[in-house]
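Written below as structure tokens is the structure these notes are about.
Nothing in this text is a laboratory measurement; each read-out follows from the coordinates by a stated rule. These numbers were taken from a predicted model, which means no experiment stands behind them. When we count neighbours, we look across all protein chains shown, and the Cβ atoms used for this are built from the backbone with ideal geometry, even at glycine.
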Amino acid sequence: MVALVSRHGRRLQRYSSGRRLVVGCVSQCSILMQFLLITRCIPYKFKEVDEPAIEVLVVSSQKGPELMFPKGGWELDESMPEAASREAFEEAGVRGNLEGTLGKWTSKGDDKIHFMYALRVTEVLQQWPEMDARERKWVTVEEAREVCKHSWMREAVDKLADLLSSPSGQEMNSA
């Protein structure tokens, strides 16, 4: 049986130079000592209609209606991939396979670097830890461009679409 509770508190959180390390998907980072590490994933799936279409999953912020991609804290008792999987499960109620690096973006204050990765969803759960605190919504790539607040999020969605339309991405679609 899977526990349907989120971890709370910051007792086990990883910090570097006083900055909390936050993950959403697997990343490789050699500059953890200089910046707050924020990695996020864009959960996606292929929707079969007349033509295969990509849908991405966004979740609401706990602080309001803003839509974003799943992300969260990387804790001392887990690897970065374990943290990313846990956050996708806790915030969005999905499980899947990490399938590609989309890039990295520096925030306006230059104290955060956002690493983005593609997560192909293999399971959408009916119950998940933060289901009462967040809304999740499947949207098209075009809709994601409209709802994402930050330009770097829109760029990441564009990179996901490019990745999935490439020959290697088309192989991922047929898998």
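For this structure, a couple of remarks:
- Sorting 64-70, 122-128, 86-92 by their mean Cβ neighbour count within 10 Å, with the most densely packed peptide first, gives 86-92, 64-70, 122-128.
- For LYS104, the lysines whose Cα comes closer than 23 Å to its Cα, not counting residues fewer than 8 places off in the same chain, are LYS45, LYS71, LYS112, LYS149, LYS159.
- Between LYS137 and TYR15, the simple label model (points 7 Å from Cα in the Cβ direction) yields a spacing of 3.6 nm.
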